[in-house]
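Okay, structure first, notes after.
Just so it is clear, none of the values below were taken in a lab; they were calculated from the coordinates. Nothing here was measured: the structure is a model prediction, and the numbers come from that model. When we count neighbours, we look across all protein chains shown, and the Cβ atoms used for this are built from the backbone with ideal geometry, even at glycine.
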Amino acid sequence: MTVKVTLIPGDGIGPEVSAATQKVITASQAPLDWEVVEAGEACIEKYGTPLPEHVLETIRRNKVAIKGPITTPVGKGFRSVNVALRQQLQLYANVRHLRNLPNVPSKYQDVDIVVVRENTEDLYAGIEHKVGNYAAESIKVITRDASERIGRYAFELARREGRKRVTIVHKANIMKLSDGLFLESIRHVARDFPEIECEDRIIDALCMNLVQVPEQFDVLVLPNLYGDIVSDLVAGLVGGLGVAPGANIGEMGAVFEAVHGSAPQIAGKNIANPLAMILSGIEMLKYLGFIKEAQRVEKGINDVLSHREYVTPDLGGTSGTQEMAMAIVESMK
Ligand code: NAD
C-alpha cells in the first residue's frame with residue numbers, strides 16, 4: 001500500500017536538498033506518494049502568511065511530512081513556521097539521532113546519541129512580562145503530564161532501538177519544583193522499563209561530560225530549553241549541521257527536517273550538503289516501518305562517504321548537491 005507524505009521544499013538551500021532527498025528516498029523503493037506543497041517566503045506574498053492553512057491541512061491529513069528549512073523573516077512580525085508547526089500539530093517530542101559517520105570530520109569517534117527534547121513547555125511557552133522598566137520575568141512551565149509523556153517516549157524509543165540507558169537531564173538541585181517535577185515524573189515512568197538503565201545528570205555536569213566522554217551516553221531526555229542547547233552541542237560532536245537530522249513527533253503525526261537552516265549565502269549554488277535532510281528521510285522511513293528501505297539508504301550513504309569521491313565542499317570534497325545524491329542512489333543498486 002502506498003503511503004502519502006507531505007514534502008515542503010522550503011527556502012534558500014531547501015529546494016536543492018529536498019530534491020536530492022526525494023530522489024534518494026524514492027530510490028529506496030519505499031512505496032511513497034509525495035504531496036509537494038509550498039511554505040515559507042514564497043507564500044507570504046501569495047497568502048499573507050508563510051504557513052497557509054492548506055499546508056497544515058495536508059500534514060494533518062497525511063500525518064507525515066518532511067520539510068526543507070524555512071527562513072524566518074526578521075522584523076516582519078511572522079512567527080517562526082517551525083514553532084507554529086510544532087504548536088498547531090502538537091509535536092511534543094523533538095528527536096535527533098546523532099552519530100559519527102565514516103569520513104565526516106569530527107573531534108570525536110564512537111558517538112551515537114539520541115537527544116529527546118520536550119517540545120511544548122518550559123521557558124519556550126513564551127510566558128513573559130515586564131515588571132516596571134527595570135525587570136522582566138519569564139515563566140518556566142513544567143507539568144507532570146508533559147514530563148511523563150516525553151519520558152515514556154524516550155524509554156519506548158530505547159526499548160524499540162535496543163538501547164541500554166536513558167539519562168534524565170535537569171537542574172533539580174536549584175529548580176527543585178519545576179525540574180524536580182520533570183525528574184520525578186520520568187523516574188516514575190522508568191519503572192515500566194526495568195531492562196533499561198535510568199540515570200540522571202545535572203545539565204552543567206552533562207555538558208562537561210559530553211565534551212569529555214560523549215561515547216558514554218546513549219539516550220538523553222531533556223526539558224525544552226536544555227534540549228535546544230544540548231541537541232546543537234551533540235550535533236557539533238558528530239560533525240555539525242551538514243549531518244544532523246531531526247524529527248518532531250506527536251500523537252497525531254510527525255514532521256521530519258534537518259537541523260540546519262536555509263543557508264541563504266550558499267543557496268542556488270548546488271553545494272549544500274544534502275545528508276542532513278536525507279538522514280531525516282531515513283528517520284521518516286523508520287517511523288513508517290520501512291526498515292529495509294531505510295537500511296538501503298544507510299548503506300548508500302556509507303559507501304559514498306567511504307569512497308569520498310562524491311562529497312560536498314563542507315565535507316572536504318568538490319561534488320555538487322545533486323551529484324552526491326545521485327552517487328548515493330547508484331550505491332544503493
Ligand atoms: P543555517 O543553518 O542556515 O547556516 C549556518 C551555517 O551553516 C552557514 O554557514 C551555512 O552556509 C552552513 N550550512 C547550513 N546548512 C548547510 C548544508 N546543508 N550544507 C553546507 N553548509 C550548510 O543557519 P542561519 O544562517 O542561522 O539561518 C538562516 C535562516 O534559516 C534563518 O532565516 C533562520 O531563521 C532559518 N532557520 C530555519 C530552520 C528550519 O527551518 N528548521 C532552522 C534553523 C534556521
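In angstroms, what radius of gyration and Dmax does segment 188-236 have, counting Cα atoms only?
11.8, 33
Percent of Cα-Cα pairs more than 37 Å apart in the chain, please.
Across the chain, Cα pairs with separations above 37 Å total 16 percent.
Strictly over 20 Å apart at the Cα level, which of Lys23/Lys269; Lys4/Lys333; Lys140/Lys176 would you flag in this model?
Lys4/Lys333
What percentages, rounded to whole numbers, describe P(r) for segment 122-191 computed over all alpha carbon pairs with 10 Å bin width beginning at zero?
Answer for segment 122-191: a P(r) of 19, 40, 26, 11, 4, 0 percent.
Restricting to DSSP H runs of at least four residues, report the calculated mean residue ellipticity at 222 nm for the chain, -39500 (n - 2.57) per run over all residues, nearest 500 deg cm²/dmol.
-12500 deg cm²/dmol
If you place +1 on the Cβ of every Lys and Arg, -1 on the Cβ of every Asp and Glu, and leave all else neutral, what size is the dipole of the chain about its Cα centre, to the nearest 20 Debye?
Here the size comes out at about 280 debye.
Indicate the gyration tensor shape class of segment 107-237 (rounded, prolate or oblate), computed on the Cα atoms with a ≥ b ≥ c the square roots of the eigenvalues: a/c under 1.5 is rounded; otherwise a/b larger than b/c is prolate and the rest oblate.
It is oblate, given that a/c is not under 1.5 and a/b is not larger than b/c.
For segment 182-259, which trypsin sites (Lys or Arg not before Pro) pass both filters: DSSP loop (anything but H, G, I, E, B) and at most 13 other C-beta atoms within 10 Å?
Within segment 182-259, the qualifying trypsin sites (Lys or Arg not before Pro) (loop, at most 13 other Cβ atoms within 10 Å) are Arg191.
Rounded to the nearest Å, what's the spacing between the alpha carbon centres of segment 87-131 and segment 195-219? Just the number, please.
What the calculation gives is 15 Å, centre to centre.
What ranking, highest mean first, results for peptides 246-258, 130-142 when packing means the other Cβ atoms within 10 Å averaged over each residue?
The densest-packed peptide leads the list: 246-258, 130-142.
Find the all-direction average of the projected area of the Cα convex hull for segment 1-94, expressing the result in square nanometres with one decimal place.
6.5
Fewest Cβ neighbours within 10 Å first, please rank Arg296, Arg144 accordingly.
Final ranking by Cβ density, sparse to dense: Arg144, Arg296.
Show me 298-308, 105-115, 90-100 ranked by packing, highest mean number of other Cβ atoms within 10 Å first.
Ranked by mean Cβ neighbours within 10 Å, highest first: 90-100, 298-308, 105-115.
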